[in-house]
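I have placed the structure first, in the form of structure tokens, so that the comments after it can refer back to it.
The values are calculated or read from the model by the stated rules, or taken from the named source; none is laboratory data. Because the structure is a prediction, the values reported are computed rather than measured. Glycine gets a Cβ as well: all are built from the backbone with ideal geometry, and neighbour counts include every protein chain shown.
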Amino acid sequence: MKYYSTNKQSPLVSFKEAALRGQAPDRGLYFPERIPIINQQWLNQFRSFPKEELAYQIMQPYVGADISPEKLYQIVTATINFDFPLIQLEEDIYILELFHGPTLAFKDVGARFMSRCLGCFSNQKTTVLVATSGDTGGAVANGFLNVEGVEVIILYPAGKVSHVQELQLTTCGNNITALRIHGTFDDCQQIVKEAFMDQDLSQRLQLTSANSINIARWLPQQLYYFLAMQQWPISATAPIIAVPSGNLGNIAAGLLAKRSGLIMGNFIAACNVNDTITDFLETGIHTPKQAIMTYSNAMDVGNPSNLIRMLEIYQHNMSSLKSEVDSSRQTDMTTINAIRTVYHDHNYILDPHAAVGYSALKQKLKKGEKGLLLATAHPVKFPEIVEKAIGISIPIPESIKPLYALSQQITEMEASYASFKEWICYRNTP
Ligand SMILES: *Cc1c(COP(=O)(O)O)cnc(C)c1O
């Protein structure tokens, strides 16, 4: 499989090169040259496949000859070695829980896949730079921990990630370094962007990004949709799917799965007040905005990078995109209300991101339709907000208890590229 840049000003590359580069040299995003199509016979059988087999078959055409079949099978097996349960919440609403991975966020899948691919490719030491508002950093840190030949540098805004998230970022050690930036998430992202443009730095280090720009993080997200449909009741109609959305990577991966033949209903980009996609769907013009802080902070994105991939999937035909994708805008108030209502009615605790998705489904689902909500994070990662909604604190899951006993390693830094550059160039010299 070859990948082209959405800006069309860079040469075609293989999976390996696209994964190593992250973004294309012309600053476009990589996109597969053709979308593999699954056939009817496969669709008749896939419910009975073990999830590893399913994952292998979906990912193989995208990876091509860059990773051997045996190695790829190992990689996908390790990537998804936890549960993806589908739960019926209401008569018409089902939830796919994507938070059973090591950092309790759906980003574990992409991070685990990408790290293992890079581990396979690295002949030269690779430095992964990642700016995070919380979830990405933890998943990337955990996914890349002890991967040979790869170091990870995470930039996160001081005081703006939750306690559990900060523990996940700062307790790994080894090849993972956490920089606590005294600024906002946008400042962190700005530093990372400047680093990628800095010619001098790219001569010293082989840099790549671990944001959903990277195809090795983006493509495996299709698996959620296959895993959901494997479990979807046979007799039920295909679901309307609400995807809690920020950078639009997850929803774009779902649309890619649909385009390759997986039978699903329409999609809803469930957003908080940062819903630039709503205007885009109305006008066809993308106007980036300044992000506004909300309770669902992993979706506080004003300039979603994967919008361009959604367009590519529909070959830039706005009316076909609009016929399959809708958006919904939720406020912090409706988010809190959703957490409260679902807890009272079903004794089920949504995290703020899933709560946005739930409200979107409630708003958009028509009579006779079935809805599927992707629950993207465990509520314990957002304890203050959940407590505010339902007045109880959530018990800490066993799997993350050990974090509390580990010591944190944090490098404090002011929000300037100059400080970052000085640190990254001279950190090992006395
Ligand atoms: C990253 C994230 C999202 C948004 O996903 P995108 O692919 O950026 O749209 C939603 N919920 C949670 C919990 C996240 O961490």
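Assorted remarks:
- Hits in region 78-94 - residues which are part of a helix (DSSP H, G or I) and surrounded by 16 or more Cβ atoms within 10 Å (Cβ to Cβ): 79
- Checking 348, 314 one by one, the residue that is modelled with pLDDT of 95 or more, over 19 Å from the mean Cα position of the chain (by Cα) and under 17 Å from residue 376 (Cα atoms) is 348 and no other.
- Residue match in region 324-337 (condition: assigned to a loop (DSSP other than H, G, I, E, B) and under 20 Å from residue 6 (Cα atoms)): no
- Qualifying residue in region 168-180 (condition: within 18 Å of the chain's Cα centre (by Cα) and either farther than 21 Å from residue 399 by Cα or of a type outside the set (S, T, N, Q) (or both)): yes
- Neighbours by Cβ (under 9 Å, 6+ apart or cross-chain): first from region 34-52, acidic (Asp, Glu); second in a loop (DSSP other than H, G, I, E, B): 52/80; 52/81
- Filtered by the rule that a residue be touching a Pro at 6+ places or on another chain (Cβ under 7 Å) and within 14 Å of the ligand (Cβ to nearest atom), region 250-276 gives 270, 276.
- The residues of region 368-393 that are under 29 Å from residue 223 (Cα atoms), of a type outside the set (Ser, Thr, Tyr) and not in a helix (DSSP H, G or I), listed by number, are 368, 369, 370, 371, 372, 373, 374, 375, 377, 378, 382.
- Failed item, numbered, when residue 341 is tested on (1) out of contact with any Phe, Trp or Tyr (no Cβ under 8 Å at 6 or more places or on another chain); (2) within 16 Å of the ligand (Cβ to nearest atom); (3) at pLDDT 95 or above: (2)
- Flag for residue 48 being at pLDDT 95 or above, more than 17 Å from residue 254 (Cα to Cα) and in contact with a strand residue (DSSP E or B) (Cβ under 7 Å, 6 or more places away or on another chain): no
- Taking region 196-240 and the helices (runs of 4 or more DSSP H) fully enclosed by it, the elements with 1 or more residues that are among the β-branched types (Val, Ile, Thr) and within 25 Å of residue 75 (Cβ to Cβ) are at 215-218.
- Filter pass, residue 4 being of a type in the set (Ser, Thr, Tyr) and within 21 Å of residue 109 (Cα to Cα): no
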